[in-house]
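Colleague: Quick one: structure below, then a few questions.
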Amino acid sequence: METRKQAHSVYQCEYHIVFTPKYRYKILREGVKEYLNIKLKEVRKYYPEIEYLQVNIQPDHVHILLSFSPKDSISKVVKIIKQNTSKTLRDKFDFIKQRYKLSPAVWSSRYFVSTVGLDEEMTTKYIKYQEKEKEDLGQAKLAL
């Protein structure tokens, strides 16, 4: 993981998201899978702060490891990705348009998200023992 910089922040925010087509239909097969990859890259043209670190498209779900600025929420980023790919998939593939003819959306409204962070045990110890480290370094008096 590398840190990223903005005008007023340095961050290291990575997320694993998983989302599915509505009703978990297996529509992300050959052709659709490749087209979705192209569309995901196009999303970055308009939202360059979203960086895909890894993408894996299965017939009935999508895994994306991504990074984006902490000024944005995960729900906003997922919404951006889904909105900017749903319509184009419907327009490009007639079988998808037919499959979802009663619904304007291709993607389920649900998604899974997990943060990817530094070693949890190391971070917990770092926070827990901060005061001890200050004392060991003789800096506890300086903090007062």
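Just so you know, all these numbers are worked out from the coordinates, no wet-lab data involved. Computed from a predicted structure; not experimentally measured. Here Cβ is always computed from backbone atoms with ideal geometry, including for glycine, and neighbour counts include all displayed protein chains.
Colleague: Can you tell me the length gained on complete extension of the stretch Ser69 to Val113, counting 0.36 nm per residue apart and subtracting the Cα distance?
Modeller: That works out to 14.3 nm of additional length.
Colleague: Taking Lys5 as the anchor, which lysines have their alpha carbon closer than 29 Å to its alpha carbon, excluding any fewer than eight residues away along the same chain?
Modeller: List returned: Lys39, Lys41, Lys45, Lys71, Lys76, Lys79, Lys82, Lys125, Lys128, Lys134.
Colleague: I need the calculated FRET efficiency for the pair Val18 and Gln130, taking r as the beta carbon distance and R₀ as 35 Å, to the nearest 0.05.
Modeller: 0.50
Colleague: Sorting Val113, Val62 on the 10 Å Cβ count, fewest up front, what's the list?
Modeller: On the way: Val113 13, Val62 22.
The order, fewest Cβ neighbours first, is Val113, Val62.
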